[in-house]
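Right, one structure below, let's go through it.
FYI, it's all coordinate maths here, none of it is from the lab. Remember, it's a predicted structure, so these values are computed and weren't measured experimentally. So basically every Cβ, Gly included, is an ideal-geometry build from the backbone, and we count neighbours across all protein chains shown.
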Amino acid sequence: MRDAEYDLIQLEMTQEGLAVVTLNRPDVHNAFNAELIAELTDAFKSIADQRTIRMMILRGNGQSFSAGADLNWMKLAAEVHTRDDNERDAMNLAEMLRALYEMPQMTLALVRGAAMGGGAGLVAACDVAVAMKDTKFRFSEVRLGLTPATISPYVIEAIGARLARSLFVTAETFDADYAEKIGLIQYVVEDEKAMLAMEEHLANLVFSAAPGAIADAKELVRDVAGVFIDREVSHETSKRIAYRRASDEGKEGISAFLEKRKPDWNR
């Protein structure tokens, strides 16, 4: 499978169904600017449209996952851009995060060094995140007179409103252990070897599962989270499992289980 060509990110796709997106601005700790956001948006949408891709890994080259917004980009926003310009820029960032969040494939962030501001937002928008033990996190926007507006839906979903409010208003730096404790990440690893082992473990889990079921399970969480549980919800969730049972994947999965063999998506 041919890898796509970008200037500020790298995109690798394998015949086995794995896509790896790498932020590639190591000289500025993979900070965001308009070009990087546009390339990420294009990559996420391209991967989402390719149903042969089963899993997407997001990582950063160099010392850091992402330091958040690029200083020169922020200076341009403050000194040159109009309010309309800034709103367009912010909307592009928001849409990039939404493209990541809504991908049908399982998404995995591999985090090291630092994940600040928008970088931490990328982590929150992924399904699963693994961080090196010495990684530092911070929602630093209020230190700059800003707010973490575009990343807030994903962070609040990940860690809850009270913790989000605390970390947003203090801009406190916290480590990977605390990030795991509050739910921003799921796993802390000691070193690169452990990171690779966890990556392989999670990939094995994903490739053992039906890709359509994964996509539907992600959509299920988005639709059910926070909804009052009543008869209408019971009806809707019943329809969804009934659809899955009658689907080709559902039939194949149950047959494979009964016949004590691997299903056709795990061969």
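Below are the figures for this structure:
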read-out	value
Gained length - GLU102 relative to ALA213, 0.36 nm times residue gap less alpha-carbon distance	38.5 nm
Three-way shape label, the range 210-258, alpha-carbon gyration tensor, a/c 1.5	prolate
R0 of 35 Å, Cβ-Cβ distance ILE254-GLU5: FRET efficiency to nearest 0.05	0.25
Longest exposed-site-free window of the chain, the sites being GluC sites (Glu not before Pro) in a DSSP loop that have at most 12 other C-beta atoms within 10 Å	17-189
Set of the range 214-229 residues, backbone N closer than 11 Å to the point 7 Å along the Cα-Cβ line of SER247	214-220
Förster radius 35 Å - calculated FRET efficiency between GLN15 and LYS193, Cβ distance, rounded to 0.05	0.85
